[in-house]
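*Asks:* There's a structure below that I have some questions on.
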Amino acid sequence: MDSFNKKCRKYQRFGLPTIAKTFGFYPYFNVINSEQEPIVRMDDKEIIMLGSNNYLGMTANSIVKKSAIDAIEKYGSGTTGSRLLNGTFQIHKELEIRLAKFLGKEDCVIFSTGMQANIGTLSSLIGEKDQWVLSDELNHASIIDGIVLSRMTKGNKAIYGHNNMDELRGIIKKIPKGKAMIVTEGVFSMEGDICPLDEIVEIADENDAFIFLDDAHSVGVLGNGRGTASHFNLTEKVDIIMGTFSKSFASCGGYIASSKAICNWLRHNSRAFIFSASIPPANCATVLAVLDILENDDSYSKRVLDLAERMRKGLKDANFDIGNSLTPIIPIVIGKEMLTYKFFKKLFYYKPKGIFTNPIRSPAVSKGRELLRTSYMATMNNDIIDESLDIITQVGKKLKIV
Ligand SMILES: Cc1ncc(COP(=O)(O)O)c(C=O)c1O
């Protein structure tokens, strides 16, 4: 047998997923049979959804859905091509202009996913012999892969400890001024903590460094919906704000908001942008409709932050380790892989109503920091938060986690 088939068959028989299935702990690919609202239908029953990135609850908003349907009626279902060739519709241009304005940047480029935005931007912007990239150790896989694809040599890239500004300062001091790019998430995706953007800007200013901010989990939530840079009132100091449509914007796609020069570079040099079909018009219309709401109404972002605060207080009072979360992402740190899956299962099958959470293991978090990632929606109410807290606490006590 060839080595490719051999590798996959071996994995099919002895890989971790198969072992987890054998012991009844496999937690992935659960099917949802409803809209992603606070309560979803899964496994033929109602489940509280604490595992969605639908922070503002917009996937089920009737105005948002109607906008997507209207766009399909007007433009059809797909674009069938790259933006460079036949895939630029008027609605893509409109969305880029609106997003740039909303985020306080000169221009914006839409990619087909957030993953592609990171990969396509980092791989095309960095990689020269006299450039360095400094990346937070908890940055998303798409950032890591973008740096790998840039073919930057080992000596020109460094990973600094999570939010460790002393380490970042120490590394950047050794690099010539104007040659470093600092890459960080605004809100970290697994633990919901916020990067110290004020200190990062200070360090960047001292070293004439470039700042790349992945705001996938922050836009819609922090800074009146405008994200981490706006939250810190530092939009002008951030060179690139990257984001996704797959979370608060209730759709699918990604973007880079930056200067006209950077966006022009990406439109003509980013392979992930050039060699991939553009997002369907319905996705653009969805995001435009969410923007209409966000521009006039900050109650959604306030609501989700308030609900998360209520949950954080309850979990802390119950003695759970919830890291440094300040956002609608709240980790429940377990620190053991099998126990994390067990906790997930017990919550999922809790009767009469279970809870869906996301069990997270290495490499998404470091070994020994396995956790249940919980996240919240603006369309939840206090009763769901309190009910969830009660179930989590009961199960946590049974498993001796608290
Ligand atoms: C921090 C971060 N960046 C980028 C992405 C990629 O976004 P997308 O889902 O649009 O590919 C994600 C998605 O999980 C993310 O959490």
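*Asks:* Could you tell me which residue of the range 233-256 is nearest to LYS66 (Cα to Cα), considering only residues that are away from the ligand (no atom under 14 Å from the Cβ) and not in a loop (DSSP other than H, G, I, E, B)? Before the answer, list the steps.
*Replies:* So the first thing to find is which residues in the range 233-256 are away from the ligand (no atom under 14 Å from the Cβ), and the list is 233-239.
Pick out the ones that are also not in a loop (DSSP other than H, G, I, E, B) and you get 235-237.
Numbers: THR235: 32, GLU236: 35, LYS237: 37 Å.
Looking at residues that are away from the ligand (no atom under 14 Å from the Cβ) and not in a loop (DSSP other than H, G, I, E, B), I get THR235.
*Asks:* Would you mention how many residues in the range 204-215 are away from the ligand (no atom under 12 Å from the Cβ) and either in contact with a helix residue (DSSP H, G or I) (Cβ under 6 Å, 6 or more places away or on another chain) or under 30 Å from LEU372 (Cβ atoms) (or both)?
*Replies:* 2
*Asks:* Please name all residue pairs, on different chains or six or more residues apart, with Cβ atoms under 6 Å, provided the first residue is in the range 172-191 and is modelled with pLDDT under 95 and among the β-branched types (Val, Ile, Thr) and the second residue is within 16 Å of the ligand (Cβ to nearest atom) and not in a loop (DSSP other than H, G, I, E, B).
*Replies:* none
*Asks:* Does ASP390 satisfy the criteria of being free of Cβ contacts under 8 Å to residues at least 12 places away in the same chain and in the same structural domain as GLU309 (by TED's automatic domain parsing)? Let's see the steps before the verdict.
*Replies:* Numbers: free of Cβ contacts under 8 Å to residues at least 12 places away in the same chain: yes; in the same structural domain as GLU309 (by TED's automatic domain parsing): yes.
When the stated conditions are applied, ASP390 passes them.
*Asks:* Hey, does the range 182-189 have a residue that's surrounded by fewer than 20 Cβ atoms within 10 Å (Cβ to Cβ) and either of a type in the set (Val, Ile, Thr) or farther than 29 Å from ALA277 by Cα (or both)?
*Replies:* Checked against the condition, which is being surrounded by fewer than 20 Cβ atoms within 10 Å (Cβ to Cβ) and either of a type in the set (Val, Ile, Thr) or farther than 29 Å from ALA277 by Cα (or both), the range 182-189 yields no hits at all.
*Asks:* A follow-up question, please. For the range 121-195, which strands (runs of 3 or more DSSP E) that fit wholly inside it have 1 or more residues that are of a type outside the set (A, V, I, L, M), within 16 Å of the ligand (Cβ to nearest atom) and more than 16 Å from ASP208 (Cα to Cα)?
*Replies:* The qualifying strands (runs of 3 or more DSSP E) are 132-136, 180-185.
*Asks:* From the list LYS93, LYS101, LYS65, LYS105, which one is away from the ligand (no atom under 16 Å from the Cβ), basic (Lys, Arg) and over 17 Å from SER258 (Cα atoms)? So that I can check it myself, show each step before the final result.
*Replies:* Values: LYS93 fails: over 17 Å from SER258 (Cα atoms); LYS101 fails: over 17 Å from SER258 (Cα atoms); LYS105 fails: over 17 Å from SER258 (Cα atoms).
Only one candidate qualifies: LYS65.
*Asks:* Now, a different point. Within the range 101-133, which residues are aliphatic (A, V, I, L, M) and surrounded by fewer than 21 Cβ atoms within 10 Å (Cβ to Cβ)?
*Replies:* MET115
*Asks:* Now for a different question. When SER230 is evaluated against the numbered criteria (1) of a type in the set (Ser, Thr, Tyr); (2) in a loop (DSSP other than H, G, I, E, B); (3) surrounded by 20 or more Cβ atoms within 10 Å (Cβ to Cβ), which criterion, by number, is the only one it fails?
*Replies:* Failing condition for SER230: (2).
*Asks:* Run down ALA308, ALA277 and say which single residue is among the aliphatic types (A, V, I, L, M), crowded, with 23+ Cβ neighbours inside 10 Å and touching a strand residue (DSSP E or B) at 6+ places or on another chain (Cβ under 9 Å).
*Replies:* None of the other options fit; the residue is ALA308.
The values are calculated or read from the model by the stated rules, or taken from the named source; none is laboratory data. The model shown is predicted, which means the values in this text are computed figures rather than measured ones. Positions of Cβ are backbone-derived with ideal geometry, glycine not excepted, and every protein chain shown enters the neighbour counts.
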